[in-house]
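A.B. asks: Questions regarding the structure given below will be posed in turn.
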Amino acid sequence: VQLQASGGGTVQAGGSLRLSCAASGRTISSYNMAWFRQAPGKEREFVSVYRRTGGYTFYADSVKGRFTISRDNALNTVYLQMNSLKPEDTALYYCAAGQGPAGLLRQSSMYNNWGQGTKVTVSS
């Protein structure tokens, strides 16, 4: 599956952005669809995932209550709605698709399909 992320930009703290990850080649319902991010000088970290079975969603503690992941099977697209953005949310955001076990959804090594990053900058 090929992934194309978009929707990044520059916003002020407290603002919102919606990231999109459009998939082609395979249907996203076959995959756990996740968002990761990498800030300058830091390691890539888990943000959120939409599990392929059961419709379960999971979030990093740092974004819980502010970010919402959703999936549109008809459009073969996954979204990340980001509200109440903070300067510490500034990063390159990546979408990823994988078929690993449910217990390892937060590990980047469980995803073998990655989109290019989309940059999010939150100014204070």
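A.B. asks: So, with a 1.4 angstrom probe, what is the percent of accessible area on the chain that is carbon and sulfur?
C.D. replies: Looking at the chain in its full context, I get 46 percent from C and S.
A.B. asks: May I pose another question? At what distance in angstrom do the alpha carbon centres of the stretch 32-87 and the stretch 1-30 lie from each other?
C.D. replies: First find each Cα centre; the distance between them is then 9 Å.
A.B. asks: Here's another thing I want to ask about it. Using a probe radius of 1.4 Å on heavy atoms only, what accessible surface per residue do you get for the chain? Whole Å² is fine.
C.D. replies: 49 Å²
A.B. asks: Reported to two decimal places, what Rg/Rh ratio describes the stretch 34-124 when computed on Cα atoms with Rh from the Kirkwood expression?
C.D. replies: Computed over Cα atoms, the ratio is 0.94.
A.B. asks: I've got another one for you. When DSSP assigns beta bridges and you keep just the ones with both residues in the chain, what percent turn out antiparallel, to the nearest 5?
C.D. replies: The answer is about 90 percent antiparallel.
A.B. asks: Beta carbons within 10 angstrom, averaged per residue: use that to sort the peptides 3-16, 25-38, highest first.
C.D. replies: My ranking of the peptides, most packed first, is 25-38, 3-16.
A.B. asks: With a cut-off of 8 Å between alpha carbons and a minimum separation of six or more residues, what is the relative contact order of the chain in percent?
C.D. replies: 35 percent
The values are calculated or read from the model by the stated rules, or taken from the named source; none is laboratory data. Quantities reported herein were computed from a predicted structural model and do not represent experimental measurements. Don't worry about glycine lacking a Cβ; one is built from the backbone with ideal geometry, like all the others, and counts go over all protein chains shown. Just the protein is used for accessible areas: all its heavy atoms, side chains included, with ligands, DNA and RNA removed. Shrake-Rupley method; radii C 1.70, N 1.55, O 1.52, S 1.80 Å.
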